[in-house]
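The values are calculated or read from the model by the stated rules, or taken from the named source; none is laboratory data. Just so it is clear, the model here is predicted, and its values are computed rather than measured. Quick reminder, even Gly has a Cβ in these numbers, built from the backbone with ideal geometry, and neighbours come from all protein chains shown.
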Amino acid sequence: MSTDDRIHKQRIADGLEEPTREANELARKLGLDPFDVNYWIVDYDEMNELIAYGGFQQRYPHWRWGMKYDRQRKQSQFLGGKAFEIVNNDDPSNAFLQESNELADQKAVITHVEAHADFFKNNEWFRMFGTSPEAAAMLERHADAIAEYMDDPEVSREDVEEWIDHVLCLEDNIDQHQPFATAEEWRDESPTPDDIDEKLDELELSEEVRREVFDEEWLDSVDDEEGGPTFPPSPERDLLAFLTSHGKAYDGDSGRAIEYEEWQREILELLRKEAYYFAPQKMTKVMNEGWAAYHESRMMADENFAAADEFLSYADHMAQVLGSPGLNPYKLGFELWQYVENRRNRREVIEHLLRVEGVSWRNFNDTVDLDSVLGLLEPDPVVRDPVGHLEELDPDDPRIDGETLARARDPDDDVDVETYPWKLLTYEGLAERHYSLVKREHRGFLKRVTQNELERTARYLFDTERYDSVEAAIEAVDRSAGWNRMFEIRESHNDVTFLDAFLTDEFVENNDYFTYEYTHTTDDFRVTSTDAADVKKKLMLRFTNFGKPTIAVKDGNFRNRNELLLIHQYNGVQLDLTEARQTLERVFELWGRPVALKTIVKEFDEHDVEVARRRDSEPEPTEQGKLIRFDGERFEEEDLDDAAIEEIAASGLDYDTKPDEWL
């Protein structure tokens with residue numbers, strides 16, 4: 001980097017010192033608790049490199065990074081994409097700002113990043129990897145170790161790259177719902193058939209006693225249909241750990257399996273560890289991006305962090321982010337978080353109104369004027385405009401930051417409450433200032449309360465406190481209830497549980513979500529359903545197991561021949577068989593012996609398709625079990641009967657949302 005470049009970047013960094021400091025303070029006022037963040041100024045090419053590297057400055061040498069860099073550069077150049085920021089999950093986090101972006105964009109990025117850093121620190125799925133990831137240092141160590149192997153004259157660089165290719169093909173085949181453990185720790189807790197037989201033999205138990213003491217199904221599981229030992233005792237989802245512990249490399253010269261070389265085993269374990277590190281980010285994409293977009297909007301727009309002359313530029317920035325086509329995690333997450341806030345706030349209000357003397361769920365609509373209620377919920381003027389009411393503010397008011405108020409009244413103190421009025425407020429004050437139900441875009445939300453919701457709320461309402469008027473009830477409403485609920489959810493959920501809990505009929509209807517399917521009738525894709533259950537099924541399919549098929553190890557001694565049997569946990573969506581065969585070729589290289597996959601495919605009879613098309617309906621497929629085996633040279637396939645696929649068959653959940661009669 002030239003001296004001129006360093007001076008230019010330093011000048012930009014100096015200009016962002018105040019926004020970064022104030023954004024962090026505002027984030028903490030809003031209840032966020034982020035990791036400390038280091039901000040770095042980078043140029044256009046450096047930003048593309050960082051995006052390709054997943055937010056880090058150093059990764060192991062491999063062609064995949066060049067491919068990602070080229071894709072990112074072309075997206076920016078030809079498709080009009082714009083890189084705003086990238087931030088990594090680390091303590092402290094590191095965020096990179098592109099020097100060519102306008103100040104409004106930089107401020108938006110900073111507020112967005114503070115929310116990401118909060119999510120990284122507080123969501124329990126990120127803690128599955130460890131409380132302090134130290135990711136940058138870890139990835140740098142991995143990069144150095146792999147580069148050292150590539151530079152080793154006794155190890156072929158091409159062999160190392162090919163080995164990495166094999167492993168990366170399976171990088172999502174881990175058990176992301178379990179805390180990370182090294183392969184050695186995993187192996188210690190995962191007994192082999194020899195371990196089990198040895199332990200049972202040491203007990204010197206008769207066969208009769210063995211059958212009485214141990215579960216018959218479990219004992220049968222250690223012996224397969226051919227009479228040899230089988231393992232693992234139950235399907236194992238961490239395929240990478242299983243291969244690290246039990247796999248062998250295929251030696252093409254001798255045509256047999258040989259023990260891994262040291263570099264092969266180490267690289268496999270390093271890449272497995274990286275897969276576990278990145279797993280929480282894949283598991284919480286909607287939640288995390290929605291959380292960051294929500295708080296960015298709260299700070300930039302609602303708290304005027306974007307100055308008047310920056311707001312149009314910021315609005316354009318937000319429109320680009322939320323308006324991206326396809327399944328947009330920013331938009332979906334942002335809307336879901338708003339829905340969570342509104343729904344909890346509405347419940348808080350309804351619970352208080354149902355405690356008013358003379359009000360019940362039966363007469364609610366006749367006795368309560370919700371327009372009047374919305375008026376009562378409007379923020380207190382001293383909270384809406386604290387600077388304009390500076391002399392009226394009470395330092396003992398829990399909504400007012402007494403320390404900042406004293407400073408603001410001190411003529412010798414330079415605290416800037418004119419630019420940053422939120423400094424005068426506490427979390428409770430800000431919650432009232434930004435109360436969601438009275439915002440113009442949400443004013444209809446309270447009025448959409450249904451009779452069923454009123455009855456359900458009343459049924460579980462503890463009648464501990466009564467109010468003699470609507471005014472008294474509203475005065476007791478906790479304005480921070482919605483935010484508090486959001487923080488609870490932020491801590492415990494991932495995308496699948498988030499969608500399952502909050503993607504309701506009301507949300508789908510109000511936000512116009514729908515499903516689409518390929519139809520044999522029209523030979524194209526058509527909208528098929530606006531039903532919330534169908535939308536939820538489709539979205540959960542996209543996020544369960546990173547949107548990838550769930551594959552598990554069934555047997556490492558299949559048919560007593562040291563072959564590897566994998567099972568596809570079929571959920572109504574069949575595998576792409578071409579990709580499945582290509583993956584088996586990769587697995588073969590890591591197992592060193594023949595590999596097989598048990599799955600289910602949907603088969604359509606051409607005559608049935610033609611008849612259905614004439615009748616303007618959809619043909620019914622036949623679900624057929626398949627065993628696909630690869631021995632290193634050729635594939636074999638055989639049909640399986642229903643009994644053989646019973647353990648992998650879908651449990652009644654069908655992701656096809658076409659109506660029974662396609663009209």
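Observations
- Qualifying residue in the stretch 494-517 (condition: within 17 Å of D654 (Cα to Cα), among the hydroxyl-bearing types (S, T, Y) and outside any loop (DSSP other than H, G, I, E, B)): yes
- Some residue of the stretch 574-591 being touching a Lys or Arg at 6+ places or on another chain (Cβ under 9 Å), closer than 27 Å to E259 by Cα and not in a helix (DSSP H, G or I): no
- For the stretch 1-35, the candidate set comprises residues that are in contact with an Asp or Glu (Cβ under 7 Å, 6 or more places away or on another chain) and closer than 18 Å to E296 by Cβ; within that set, the residue that is surrounded by the fewest Cβ atoms within 10 Å (Cβ to Cβ) is D33.
- Inside the stretch 413-440, residues that are part of a helix (DSSP H, G or I) and under 14 Å from R343 (Cα atoms) make up a count of 3.
- L437 vs. criteria under 17 Å from L377 (Cβ atoms) and not small (G, A, S): yes
- The one condition in (1) outside any loop (DSSP other than H, G, I, E, B); (2) under 26 Å from S469 (Cβ atoms) that R362 fails to fulfil: (1)
- Just one residue in the set F35, F56 is touching a strand residue (DSSP E or B) at 6+ places or on another chain (Cβ under 9 Å), farther than 30 Å from V160 by Cβ and assigned to a loop (DSSP other than H, G, I, E, B); that residue is F35.
- Meets criteria (at pLDDT 95 or above, among the basic types (K, R) and under 36 Å from the mean Cα position of the chain (by Cα)) for R459: no
- Of all residues in the stretch 169-188, those that are in a loop (DSSP other than H, G, I, E, B) have Cβ atoms under 7 Å from Cβ atoms of residues that are of a type in the set (D, E, K, R) and loosely packed, with under 15 Cβ neighbours inside 10 Å, 6 or more apart or on another chain, in D172/K548.
- Index of the failed condition, R542 passing every other in (1) surrounded by fewer than 20 Cβ atoms within 10 Å (Cβ to Cβ); (2) under 20 Å from L243 (Cβ atoms); (3) of a type in the set (K, R): (2)
- Qualifying position, being of a type outside the set (V, I, T), within 19 Å of V321 (Cβ to Cβ) and over 24 Å from the mean Cα position of the chain (by Cα), among A95, A108, A104: A104
- Selected residue [under 23 Å from L32 (Cα atoms) and not in a helix (DSSP H, G or I)] from N288, N345, N304: N304
- Scope the stretch 313-331; condition closer than 22 Å to D105 by Cα and in contact (Cβ under 8 Å) with a residue 60 or more places away in the chain; matching residues: S313, Y314, H317, M318, Q320, V321
- Single residue of the stretch 422-455 satisfying the filter (acidic (D, E) and either in contact with a strand residue (DSSP E or B) (Cβ under 7 Å, 6 or more places away or on another chain) or touching a residue at least 40 places away in the same chain (Cβ under 8 Å) (or both)) that is surrounded by the most Cβ atoms within 10 Å (Cβ to Cβ): E432
- Residue match in the stretch 416-425 (condition: assigned by TED's automatic domain parsing to the domain that holds L376, closer than 27 Å to E348 by Cα, touching a His at 6+ places or on another chain (Cβ under 9 Å) and at pLDDT 95 or above): no
- When A481, A472, A476, A458 are checked against the criterion of being closer than 28 Å to A117 by Cα and either surrounded by 13 or more Cβ atoms within 10 Å (Cβ to Cβ) or out of contact with any Ser or Thr (no Cβ under 9 Å at 6 or more places or on another chain) (or both), A481 stands alone in meeting it.
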